[in-house]
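The values are calculated or read from the model by the stated rules, or taken from the named source; none is laboratory data. In this text, all values refer to a predicted model and were calculated from it rather than measured experimentally. As a convention, Cβ positions derive from the backbone with ideal geometry for all residues, glycine included, and neighbour counts pool all protein chains shown.
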Amino acid sequence: MLLPNGSDLNYDQINVESPRGRQREIACHSWTTASGTVRPTMFKIMDDEGKVHTFDHINVNLCEKKIYCGIPSLEYNCDVCFNGLTFTLTLQYFPERTKWYLLERELK
């Protein structure tokens, strides 16, 4: 199994302090191309009542490489269809931790 090493994760970007909003852990299915590009294709999240919701219609609008407190991440701005409605949300992937999160931003 191939794992990313430190040299693969050096992003040329200013260090960002911390993500704005609440991070909710998700189970994510992603596609990795031969060149190493990671794209989310489906994710599942458990609500506060314990029910699991599946989101499998994801359109990635933008992917940004970011560093939060020295930890590299990929941040995906996505449009997701669920029950006939389209939502714009942010998914985060932390390669060093191999963890995915849904970033819930506070409304202004």
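Please go through the stretch 75-108 and give me each residue that is of a type in the set (A, V, I, L, M, F, W, C), out of contact with any Lys or Arg (no Cβ under 6 Å at 6 or more places or on another chain) and within 23 Å of Thr37 (Cβ to Cβ), ordered by number.
Applying the first criterion (of a type in the set (A, V, I, L, M, F, W, C)) to the stretch 75-108 yields 78, 80-82, 85, 87, 89, 91, 94, 100, 102-103, 107.
Adding the requirement that they be out of contact with any Lys or Arg (no Cβ under 6 Å at 6 or more places or on another chain) leaves 78, 80-82, 85, 87, 89, 91, 94, 100, 103, 107.
Answer for the stretch 75-108, where residues must be of a type in the set (A, V, I, L, M, F, W, C), out of contact with any Lys or Arg (no Cβ under 6 Å at 6 or more places or on another chain) and within 23 Å of Thr37 (Cβ to Cβ): Cys78, Val80, Cys81, Leu89, Leu91, Phe94, Trp100, Leu103.
If you check Tyr93, Tyr68, Tyr76, which single one turns out to be at pLDDT below 95 and in contact with a strand residue (DSSP E or B) (Cβ under 7 Å, 6 or more places away or on another chain)? If you could, list the steps in order and put the result at the bottom.
Numbers: Tyr93 fails: at pLDDT below 95; Tyr76 fails: at pLDDT below 95.
None of the other options fit; the residue is Tyr68.
Given the criterion over 13 Å from the mean Cα position of the chain (by Cα), surrounded by 10 or more Cβ atoms within 10 Å (Cβ to Cβ) and either modelled with pLDDT under 95 or of a type outside the set (S, T, N, Q) (or both), identify the matching residue among Asp48, Asp56, Asp12. So that I can check it myself, show each step before the final result.
Details: Asp48 fails: surrounded by 10 or more Cβ atoms within 10 Å (Cβ to Cβ); Asp12 fails: surrounded by 10 or more Cβ atoms within 10 Å (Cβ to Cβ).
The unique qualifying residue is Asp56.
Where in the stretch 69-108 are there strands (runs of 3 or more DSSP E), lying fully within it, with 2 or more residues that are more than 14 Å from the chain's Cα centre (by Cα) and not acidic (Asp, Glu)?
On the way: elements: 71-82, 85-94, 99-104.
Once the strands (runs of 3 or more DSSP E) in the stretch 69-108 are filtered for at least 2 residues that are more than 14 Å from the chain's Cα centre (by Cα) and not acidic (Asp, Glu), what remains is 71-82, 85-94.
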